[in-house]
1. Considering only residues that are over 14 Å from the mean Cα position of the chain (by Cα) and in a helix (DSSP H, G or I), which ones fall in the stretch 25-47?
Amino acid sequence: MTLRHTGASPERRQRPMNSDELELLMAAMKEAGGNRTRAAKILGISRSSLYYKLNKYSWELGWRDDSK
């Protein structure tokens with residue numbers, strides 16, 4: 001996956017973010033070795049929910065996936 005900064009607007013960057021949830025997502029991804037299916041199982045959520053949350057945070061942080 002290749003990520004690049006999108007230059008998100010200041011308003012978008014200032015939106016409140018649940019840092020606890022983000023930390024859990026990142027810890028699960030690390031524990032799963034980047035495997036999203038395993039990370040979802042670790043978190044007890046569906047794979048589609050994990051994809052949604054990862055996408056949400058990537059945009060809130062001003063990053064996006066360029067591999068698509």
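The values are calculated or read from the model by the stated rules, or taken from the named source; none is laboratory data. Remember, predicted model here, so these are calculated numbers, not experimental data. Cβ: placed from backbone, ideal geometry, glycine included. Neighbour counts: every protein chain shown.
1. Of everything in the stretch 25-47, those that are over 14 Å from the mean Cα position of the chain (by Cα) and in a helix (DSSP H, G or I) turn out to be Glu31, Arg38, Lys41, Ile42.
Table: residues versus (1) out of contact with any strand residue (DSSP E or B) (no Cβ under 8 Å at 6 or more places or on another chain); (2) at pLDDT 55 or above; (3) at negative phi.
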{"position": "Arg4", "(1), (2), (3)": "no, no, yes"}
{"position": "Arg15", "(1), (2), (3)": "yes, no, yes"}
{"position": "Ala28", "(1), (2), (3)": "yes, yes, yes"}
{"position": "Glu31", "(1), (2), (3)": "yes, yes, yes"}
{"position": "Gly34", "(1), (2), (3)": "yes, yes, no"}
{"position": "Leu43", "(1), (2), (3)": "yes, yes, yes"}
{"position": "Leu50", "(1), (2), (3)": "yes, yes, yes"}
{"position": "Leu61", "(1), (2), (3)": "yes, yes, yes"}
{"position": "Asp66", "(1), (2), (3)": "no, yes, yes"}
